[in-house]
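Chemist: Please read through the structure below; I'll follow up with questions.
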Amino acid sequence: MFHYTAETTASVQNAIAALETSLKEEQFGVLWRFNLREKLKEKGFDFEREYVVLEVCNPAEANRVISENVLAGYFLPCKIVVYE
């Protein structure tokens, strides 16, 4: 299984805010927030659903994993997707 899915009745923005709080508690930081819907619209495509990709990282864990296996870099930073 490559994913863990949780459902919520919160809006996308409220779900992201809650995630960011939880991530900070676990010593993860959000490195990048990519709004796919906005990017697709910018490129001339209509994508109606909210779809945001968060790239997150815990520096201590990233260092540990990369030290053990340099190929783990293919999976870093970790991604969390929030969508409607």
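Chemist: Under 15 Å Cα to Cα from residue 41, which aspartates and glutamates show up? Leave out anything in the same chain fewer than 8 places away.
Modeler: By straight Cα distance, residue 41 reaches 50.
Chemist: Looking only at Cα atoms, what is the convex hull volume of the chain per residue, in Å³?
Modeler: Dividing the Cα hull volume of the chain by its residue count gives 117 Å³.
Chemist: Next up: Return one number: the angle in degrees, 0 to 90 and rounded to the nearest 10, between the long axis of the Cα atoms of helix 12-25 and the longest principal axis of the Cα atoms of the chain.
Modeler: 10 degrees
Chemist: How far apart, in nm, are two points set 7 Å out from the Cα along the Cα-to-Cβ line at residue 11 and at residue 38?
Modeler: Once both label points are built, they end up 1.5 nm from each other.
Chemist: Next up: What number, in percent, do you get for the relative contact order of the chain if the mean sequence gap of Cα pairs under 8 Å and at least 6 apart is divided by its residue count? The partial results should precede the final answer.
Modeler: Details: 89 pairs, mean separation 24.3, N = 84.
Answer for the chain is 29 percent.
Chemist: Let me ask something additional. Summing -39500 (n - 2.57) over the DSSP H runs of n ≥ 4 in the chain and dividing by its residue number, what mean residue ellipticity at 222 nm do you reach, to the nearest 500 deg cm²/dmol?
Modeler: Here the helix-only value at 222 nm equals -11000 deg cm²/dmol.
Chemist: Nearest 10 degrees, 0 to 90: what angle lies between the long axis of helix 59-68 and the longest principal axis of the chain (Cα atoms)?
Modeler: Orientation of helix 59-68: about 60 degrees from the principal axis.
Just so you know, all these numbers are worked out from the coordinates, no wet-lab data involved. Note that the coordinates shown come from a computational prediction; the quantities given were computed from them, not determined experimentally. Here Cβ is always computed from backbone atoms with ideal geometry, including for glycine, and neighbour counts include all displayed protein chains.
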